[in-house]
1. Which ones in the range 77-104 are in a helix (DSSP H, G or I), farther than 17 Å from Arg38 by Cβ and in contact (Cβ under 8 Å) with a residue 12 or more places away in the chain?
2. Looking only at the range 22-44, count every residue that is open to solvent by less than 40 Å² (accessible area, probe 1.4 Å), assigned to a helix (DSSP H, G or I) and hydrophobic (A, V, I, L, M, F, W, C) and tell me the total.
3. Write out, first by first residue and then by second, each pair whose Cβ atoms fall under 7 Å of each other, whose residues are 6+ apart or on separate chains, and whose first residue, in the range 54-72, is in a helix (DSSP H, G or I) while the second is surrounded by 14 or more Cβ atoms within 10 Å (Cβ to Cβ).
4. Could you grab me the full set of residues in the range 45-65 that are at pLDDT below 95, of a type in the set (Phe, Trp, Tyr) and open to solvent by 100 Å² or more (accessible area, probe 1.4 Å)?
Amino acid sequence: MVVLNSGPPRKGPTYFFLSKMAASSRAQVLDLYRAMLRESKHFSAYNYRTYAIRRIRDAFRENKNVQDPVEIQTLVNKAKRDLGMIRRQVHIGQLYSTNKLIIENQEKPKT
């Protein structure tokens with residue numbers, strides 16, 4: 001969760017702006033997180049897929065306590081660039097697909 005104002009709640013337009021900005025950036029970060037995970041699940045190669053998902057989760061957990069609005073915006077811009085890179089790599093991977101690994105071909109147990 002991103003908190004921009006850690007002091008006591010204030011009234012007035014400044015507090016409203018900060019809380020609205022925090023809610024906006026939080027929503028934007030969550031949207032980016034979901035989009036990156038969703039796109040990473042489309043990697044055709046098992047190793048790329050699991051690495052990308054693990055790396056995305058680790059990076060977002062690592063930066064969850066960042067409170068500086070400038071740094072948050074920098075991280076959001078980096079995540080947007082990374083999302084574009086993931087989309088391109090998924091597309092390239094689909095052009096040159098390979099056979100699935102044994103670990104991917106396992107059937108789920110029937111109950």
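The values are calculated or read from the model by the stated rules, or taken from the named source; none is laboratory data. Just so it is clear, the model here is predicted, and its values are computed rather than measured. Cβ placement follows ideal geometry from the backbone for every residue including glycine, while neighbour counts extend to all protein chains displayed. In case anyone asks, the SASA skips ligands and DNA or RNA and just uses the protein heavy atoms, side chains included. Shrake-Rupley method; radii C 1.70, N 1.55, O 1.52, S 1.80 Å.
1. Listed by number, the residues that qualify are Ile103, Glu104.
2. 6
3. Qualifying pairs under 7 Å: Ile56/Met36; Ile56/Leu37; Ile56/Ser40; Phe60/Tyr33; Pro69/Leu4; Ile72/Val2; Ile72/Ser25; Ile72/Val66.
4. Tyr48
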